[in-house]
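Asks: I have a structure here, written as structure tokens, and I will follow up with some questions on it.
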Amino acid sequence: MTEAYIAFGSNIEDREENINKALEILKQKTKIAKTSSLYETKPMYLENQKWFLNGAAKVDTELKPKELLDFLKSTEKKMGRKDIGRNGP
């Protein structure tokens, strides 16, 4: 198994619920070893949006880095993220 660290966040709808759902999906392909506390942060760069709730997770996974990235991107899509560019909701 490989150890990886994943930063996550949400600023749409119920932010904490979104994070919890995404962590449940993450468990399908990884073993979550630890998660951080959640922190509220103001948006950067695209400032005209709601504040974020952010955290990080330490995971163990059999996935290769590109496979993990693809899985994370597909999780974002499942969660309803619209790809409007970096730093967006």
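The values are calculated or read from the model by the stated rules, or taken from the named source; none is laboratory data. From a predicted model like this one, the values you see are computed outputs, not experimental measurements. Note that each Cβ is placed from the backbone with ideal geometry, even for glycine, and that neighbours are counted across all protein chains shown. Side chains included, ligands, DNA and RNA excluded: accessible areas come from the protein's heavy atoms. Shrake-Rupley method; radii C 1.70, N 1.55, O 1.52, S 1.80 Å.
Asks: I'd like the full set of residues that are closer than 21 Å to THR41 by Cα and open to solvent by 60 Å² or more (accessible area, probe 1.4 Å), limited to region 77-88.
Replies: Listed by number, the residues that qualify are ARG81, LYS82, ASP83, ILE84, ARG86, ASN87.
One line per residue, one yes/no per condition, for (1) touching a residue at least 12 places away in the same chain (Cβ under 8 Å); (2) at negative phi:
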| site | (1), (2) |
| --- | --- |
| GLU13 | no, no |
| ASN20 | no, yes |
| LYS34 | yes, yes |
| TYR45 | yes, no |
| LYS66 | no, yes |
| LEU72 | yes, yes |
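Asks: I've got another one for you. Please tell me if TYR39 is open to solvent by 80 Å² or more (accessible area, probe 1.4 Å) and within 12 Å of the chain's Cα centre (by Cα).
Replies: No: the conditions fail for TYR39.
Asks: Within region 42-76, track down each residue that is over 22 Å from TYR5 (Cβ atoms) and exposed (fewer than 11 other Cβ atoms within 10 Å of the Cβ).
Replies: LYS42, TYR45, GLU47, ASN48
Asks: When region 64-74 is examined, which residues are found to be part of a helix (DSSP H, G or I) and either at pLDDT 95 or above or of a type in the set (Gly, Ala, Ser) (or both)?
Replies: Residues satisfying the conditions are PRO65, LYS66, GLU67, LEU68, LEU69, ASP70, PHE71, LEU72, SER74.
Asks: So how many residues does region 5-31 have that are part of a strand (DSSP E or B) and more than 13 Å from the chain's Cα centre (by Cα)?
Replies: 2
Asks: Taking into account only those residues within region 5-33 that are within 23 Å of TRP51 (Cα to Cα) and of a type in the set (Val, Ile, Thr), which is surrounded by the most Cβ atoms within 10 Å (Cβ to Cβ)?
Replies: Looking at residues that are within 23 Å of TRP51 (Cα to Cα) and of a type in the set (Val, Ile, Thr), I get ILE19.
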